[in-house]
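The values are calculated or read from the model by the stated rules, or taken from the named source; none is laboratory data. Computed from a predicted structure; not experimentally measured. Every residue, glycine as well, gets a Cβ built from its backbone with ideal geometry; the counts of neighbours run over all protein chains shown.
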Amino acid sequence: MRVTQCVYPNFAFILAKFPEAISLNNGKALTKTECYHYIHCIFSNGVICLLIKAIEAHHDPRQLAFCSNFHKVIIKRRAEAKNNMVDFEEILAKALRQDKLTKEEIVRLLKTREKDRVNSLFRTAGELRARYFADKVFIYGFLYISTYCRNNCRFCFYRSENENSLRYRKTEEEVIEAAVGLAGPGIHLVDLTMGEDPYYFCGNEGFEMLARLVERVKETVELPVMVSPGVVPERVLERLAAAGADWYACYQETHNLSLFKKLRPGQNYEARLHTKRLAHKFGLLTEEGVLAGVGESPEDMAESIIVMDSLKADQVRAMNFVPRKGTPMERDITDDPLREMVCIAVMRLTLPDRLIPASLDVAGLSGLEKRLAAGANVVTSLVPPDRGLAGVAQSYLDIDENKRSIASVLSVLANCGLRAASKNDYTTWMSRRQKAISEAGC
Ligand code: SF4
């Protein structure tokens, strides 16, 4: 019989690869012939039927039982696969109809890794992006104004205990100069980010310096401004809004409370979440974000997306975790580069009208096309070179090479069949969103 005549050069490899065969065989290691049968059975029902006939002819009851069991498994698996495919396509169709997806459906989508399905997921995300934003993409400049922080987040390069961390605090004049250098044509917003720097977190005086900085940047560059200062008191949010800030960004990173406590030791989950609700109260748009690959399950990620929806977050972000030197997580393995892209696509399917960033901060310019293909509609973290400014997830990547620049981004957009939106497109989107948030009474 041809099946048993095949030669597989690495028998141990086959066994290791198909441990299920061993369990089907009552936990006993298989003979070489049984392995051949097993492998061939995977490929064809017809072969296994022939096999059963052949074994019957040789009156070998042990092999016959094994093959019969396996035959049943194959048939069951194929039926399941068919049903799964139907379910998967139905979830995509449901998203296109903009019916709210259940948590189970979001989890199903988040687990997508099979190539054809990933492509279908991304195609659907692209279709929904086009429905709301056509081929237009928003572009944000990023200024990390202080890398000092009083906190000790386990994943963060800038945690207070990390002696390897790059530390600086830019002066007001340095920030203004960098903002002016950044705010050229094509840039829609300037993002002022910092750690919870004790220089600013020292009571009213410190926060007032921050508010004045926001005022000056806003007046000078005449662009919308996002502030990412960490968790600040309610009165400070009000002051930042009065100073002209348009956005407040503050990432929870996970919405699994026990994982949050591990990632952000000593910090208050509810206070962090609540600050984003308060920001809406003062007319600030909000951004919520998660890290992908820090020990969360697909169910946790689905929960995050549901919380983002309940917060009515205006911009929602997922970024793959990048291990950083000198942190407790520096040796953590990040083995699934697709995770971030799948999250982006699933966020687009669940929150189709929101802004979803493709950050240059994780994989640089070379990772931009993939993120846009997954349904992102904002490019973030453009950083001007030669000013000693750092990124967050990646401190240096592509900055001094001037690849986090508007020219580089526009060329990638063109390759993707996309283009930069006008300033008017952006401010119109913001006004509509602010109106919706205010009418919803968030
Ligand atoms: S993630 Fe933010 S709050 Fe946490 S240590 Fe880093 S800069 Fe500080």
Discussion item. If H59 meets every condition in (1) at pLDDT 65 or above; (2) outside any helix (DSSP H, G or I) apart from one, which number is that one?
Written reply: (1)
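Can you name every one of the helices (runs of 4 or more DSSP H) wholly within the stretch 98-213 that holds 3 or more residues which are within 30 Å of P352 (Cα to Cα)?
Details: elements: 103-110, 115-133, 172-182.
Filter on the stretch 98-213 gives 103-110, 115-133.
With the condition being closer than 15 Å to C153 by Cβ, I'd like the helices (runs of 4 or more DSSP H) fully within the stretch 229-325 carrying at least 2 qualifying residues.
Result: 257-263, 269-281.
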Item to complete: Check the stretch 247-255 and report whether any residue there is within 12 Å of the ligand (Cβ to nearest atom), of a type in the set (D, E, K, R) and within 17 Å of the chain's Cα centre (by Cα).
Response: yes
Worksheet, complete the sentence: Those residues of the stretch 256-290 which are more than 16 Å from the ligand (Cβ to nearest atom), within 22 Å of the chain's Cα centre (by Cα) and of a type in the set (G, A, S) amount to S258
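Can you name the helices (runs of 4 or more DSSP H) wholly within the stretch 326-442 that have at least 3 residues being surrounded by fewer than 20 Cβ atoms within 10 Å (Cβ to Cβ) and over 18 Å from the mean Cα position of the chain (by Cα)? Walk me through it before giving the result.
Values: elements: 338-350, 360-363, 368-373, 406-415, 423-440.
Because the criterion is at least 3 residues that are surrounded by fewer than 20 Cβ atoms within 10 Å (Cβ to Cβ) and over 18 Å from the mean Cα position of the chain (by Cα), the helices (runs of 4 or more DSSP H) in the stretch 326-442 that meet it are 406-415, 423-440.
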Item to complete: Sort out which residues of the stretch 182-204 are closer than 30 Å to D425 by Cα and either within 16 Å of the ligand (Cβ to nearest atom) or not assigned by TED's automatic domain parsing to the domain that holds Y144 (or both), and write them in order of number.
Response: D191, L192, T193, M194
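Of all residues in the stretch 122-181, which are more than 16 Å from the ligand (Cβ to nearest atom) and touching a strand residue (DSSP E or B) at 6+ places or on another chain (Cβ under 7 Å)? Let's see the steps before the verdict.
First, pick out the residues of the stretch 122-181 that are more than 16 Å from the ligand (Cβ to nearest atom): 122-141, 171-181.
Those that are more than 16 Å from the ligand (Cβ to nearest atom) and touching a strand residue (DSSP E or B) at 6+ places or on another chain (Cβ under 7 Å): D135, K136, V137, F138, I139, Y140, G141, V175, A178, A179.
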